[in-house]
Amino acid sequence: MLSLEEIEPEIARLARRISVSGDVLPTFGFSEQSGRPHIEVDGSGYHYVVAERGEEYERQTSHDLDELLYDVFQSVTSSLAIDYELKHRVERQDCRRIGFQQQIELLSALSPEWAKRRRLEHTQILRDHPFDDDASVRATLTKELRDQGHTPEEARRLARDKYPEPKR
């Protein structure tokens with residue numbers, strides 16, 4: 001098992017491939033308690049941990065370095081993909097259409113296997129929660145109908161009638 005001192009340059013090397021640095025990357029051996037992930041290494045394995053204000057929200061443990069690196073860069077590329085989508089937003093299009101594709105492109109530059117794995121995870125997400133290009137227009141109409149005096153339930157029903165939700 002590698003030490004933190006050996007893992008950090010490997011993460012930096014991979015990060016340079018996708019031109020990322022700074023606070024998008026995890027810290028090593030300590031938590032800022034800000035929600036920024038950090039990495040720990042001990043006898044039970046590599047730990048990818050997200051903690052904020054004294055509360056731990058996520059801990060993924062593995063003995064496999066590739067698994068740790070996937071966890072790190074799945075998170076990093078997700079953040080980068082969200083930023084990209086915000087700059088390239090297409091009105092009346094589910095933001096995940098651009099974001100998911102951008103994340104796959106970034107992961108592909110790091111590891112084709114990671115990209116393939118994440119693509120399968122996206123497929124599962126979309127199976128459970130299909131693309132919904134009308135979500136924002138439906139939400140806007142719901143608010144307008146509520147402002148016109150409709151009950152929240154009636155406003156949602158009327159908006160869904162006009163802009164149906166995708167079928168699962």
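Under a Cβ-only charge scheme (Lys and Arg +1, Asp and Glu -1), can you give me the dipole magnitude of the chain about the Cα centre, in debye to the nearest 20? Numbers along the way, then the final one.
Working: 25 positive and 33 negative charges, 208 e Å.
I would put it at about 1000 debye.
What distance in nm separates the two pseudo spin-label positions at Asp147 and Ala109, each 7 Å out from Cα along the beta-carbon direction?
My value for the distance between the label points is 4.1 nm.
How many angstrom separate the Cα center of the stretch 143-164 from the Cα center of the stretch 25-82?
Cα centroid to Cα centroid, the span is 41 Å.
Quick one: Kirkwood hydrodynamic radius for the chain, alpha-carbon pairs, angstrom, one decimal? Could the numbers behind the result be given before it?
Values: mean 1/r = 0.0545 Å⁻¹.
Result for the chain, one decimal place: 18.3 Å.
Could you give the length gained by full extension between His122 and Arg36, i.e. 0.36 nm per residue of separation minus their alpha carbon distance, to one decimal place? The partial results should precede the final answer.
Working: separation 86, 0.36 × 86 = 30.96 nm, distance 2.30 nm.
The span from His122 to Arg36 would gain 28.7 nm if fully extended.
Give me D for the stretch 124-168 in µm² s⁻¹, whole number, from Stokes-Einstein with Rh from the Kirkwood sum over alpha-carbon pairs, 20 °C and 1.002 mPa s. Write out the running numbers ahead of the final one.
Values: Rh = 11.0 Å.
For the chosen part, D equals 195 µm²/s.
For His88 and Ser21 in the same chain, what is the full-extension length gain: residue separation times 0.36 nm, less their Cα-Cα distance, in nm? Provide the component values of the computation, followed by the final result.
Values: separation 67, 0.36 × 67 = 24.12 nm, distance 2.15 nm.
Here the segment from His88 to Ser21 would lengthen by 22.0 nm.
Suppose the chain between Arg59 and Leu4 were pulled fully straight at 0.36 nm per residue; how much longer would it get relative to their current alpha carbon spacing? Walk me through the numbers before you get to the answer.
Working: separation 55, 0.36 × 55 = 19.80 nm, distance 1.65 nm.
Extra length from Arg59 to Leu4 when fully extended: 18.2 nm.
If you count, for each residue, the other Cβ atoms within 10 Å and average over each peptide, how do 94-102, 32-40 line up from highest to lowest?
Numbers: 94-102: 18.4, 32-40: 16.3.
Result, highest mean first: 94-102, 32-40.
Sum -39500 (n - 2.57) across every DSSP H segment of at least 4 residues in the chain, then divide by the residue count to get the 222 nm mean residue ellipticity, nearest 500. Working shown, then result.
On the way: 6 runs with 94 residues, N = 168.
Calculated mean residue ellipticity at 222 nm is -18500 deg cm²/dmol.
With angles folded into 0 to 90 degrees, how steeply does helix 65-87 sit against the dominant principal axis of the chain? Use alpha carbons for both and round to 10.
The angle comes out at about 40 degrees.
Apply 1/(1 + (r/R0)^6) to the Cβ-Cβ distance of Arg157 and Phe131, taking R0 = 22 Å, and write down the FRET efficiency to the nearest 0.05.
Working: r = 22 Å, r/R0 = 1.00.
Efficiency, rounded to the nearest 0.05: 0.50.
May I ask for the angle, rounded to the nearest 10°, between helix 95-110 and the longest principal axis of the chain, with both axes built from Cα atoms and the value confined to 0 to 90°?
20 degrees
Using the Kirkwood formula over every pair of different C-alpha atoms, what hydrodynamic radius in Å results for the stretch 71-168? The partial results should precede the final answer.
Working: mean 1/r = 0.0662 Å⁻¹.
This gives a value of 15.1 Å.
Each reported figure results from applying straightforward, stated rules to the coordinates on display, with no laboratory input. Predicted model, so just to flag it, every value in this text is computed and none were measured. Quick reminder, even Gly has a Cβ in these numbers, built from the backbone with ideal geometry, and neighbours come from all protein chains shown.
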